[in-house]
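The values are calculated or read from the model by the stated rules, or taken from the named source; none is laboratory data. Note that the structure is a prediction, hence the values are computed from the model and not measured. Quick reminder, even Gly has a Cβ in these numbers, built from the backbone with ideal geometry, and neighbours come from all protein chains shown. These area figures cover heavy atoms from the full protein model, side chains too; ligands, DNA and RNA do not enter into them. Shrake-Rupley method; radii C 1.70, N 1.55, O 1.52, S 1.80 Å.
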Amino acid sequence: MTERNETNKGTDKVIRAMTNDGAFRVISALTTETVRGAIASQKAKGAVASRFGELVTGAILIREAMSPNLRVQGILKGASGKGSLVADAHPDGTNRGLVGFSGETGEDMAGGKGALLKMMRTLPNGALHQGIVEVSFETPDGGISGALMAYMQHSEQIVSTIAVATLLEGDEVVAAGGYIVELLPEVERGPLMIMTQRLEDFPKLDELLRKGDLSPDLLIEELLYGMPYTLLAESELRYACHCSELRVLSSLATLPRSDIEELLRDNKPLEITCDYCRKEYGIQPSQLKALLMAS
């Protein structure tokens, strides 16, 4: 069994539902503890923490929409091109991420043009499907939510409405979550007009999260009010890292023999820190020597 480092379990979940007339599919997620764990592991603050939380939630929603049983990653590149945020969503419900921005204010994530979002998902044959869209933080319908909608339309050919949000009070994550409403080919004019009006009048997600009693079930009920629907799937979410000593040794084993010999030169333990969860691993000289013997 794979060793994992976990900081929370069980309170977050994601739900998929479809209207009985086949017009819409809706996915809703509460990701507060998951986002809290990811942000804490990366020590993110301010605008960076907010965008990072939204990206983590967005990766979860895209995975549920397009690859429920496969891995999805989202990479947000800042306008200057000097930093990035990474969200990594796995089919077992575990999620993690990386923050590559320095400083607490994250000006590169607060505004300006030129930021890019790349979404990558694994295909059943092991290949990668990916799409890149521009991100604008200057318009009300922009940000991570708008970029995710653009990705779904241009790379997946699915028209959808997407909202993701992370609420912060100081450096503390108060709530996080998101939803997708997908327009399906079977939709007729009547239901489409009803849903269009409903989404126009629907409260902003951060306002709903701020009330403190929002759940994925309640969010779907509100989005599909008056529309008969069927729940398709429900699964738990959590923050967790997939790192382990075995994975570290497997990575070291891919190094050229000369590099391993160089690491052994001073005959001291090799200290390696996981970028995702900051856990430190001490690899002993005897373990490095075993890699040489194996090669």
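Key figures
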item: Qualifying positions in segment 233-249 - surrounded by fewer than 21 Cβ atoms within 10 Å (Cβ to Cβ), in a strand (DSSP E or B) and among the hydrophobic types (A, V, I, L, M, F, W, C); result: Ala233
item: Qualifying residue in segment 16-33 (condition: of a type outside the set (D, E, K, R), touching a residue at least 12 places away in the same chain (Cβ under 8 Å), closer than 12 Å to Gly97 by Cβ and open to solvent by less than 40 Å² (accessible area, probe 1.4 Å)); result: yes
item: Residue identified as open to solvent by 60 Å² or more (accessible area, probe 1.4 Å), without any contact (Cβ under 8 Å) to a residue 40 or more places away in the chain and either touching a helix residue (DSSP H, G or I) at 6+ places or on another chain (Cβ under 7 Å) or of a type in the set (Lys, Arg) (or both) among Arg189, Arg210; result: Arg189
item: Condition met for Val48 (closer than 18 Å to Ala176 by Cβ, aliphatic (A, V, I, L, M) and under 11 Å from the mean Cα position of the chain (by Cα)); result: no
item: Test for Leu270: is it under 30 Å from Arg96 (Cα atoms), among the aliphatic types (A, V, I, L, M), surrounded by 15 or more Cβ atoms within 10 Å (Cβ to Cβ) and outside the structural domain of Asn95 (by the TED database); result: yes
item: Sole exception among (1) assigned by the TED database to the domain that holds Thr19; (2) open to solvent by less than 50 Å² (accessible area, probe 1.4 Å) for Gln287, by number; result: (1)
item: Search result, residues across segment 198-240 that are at pLDDT below 95 and more than 16 Å from Ser28 (Cβ to Cβ); result: Glu200, Asp201, Arg210, Gly212, Gly226
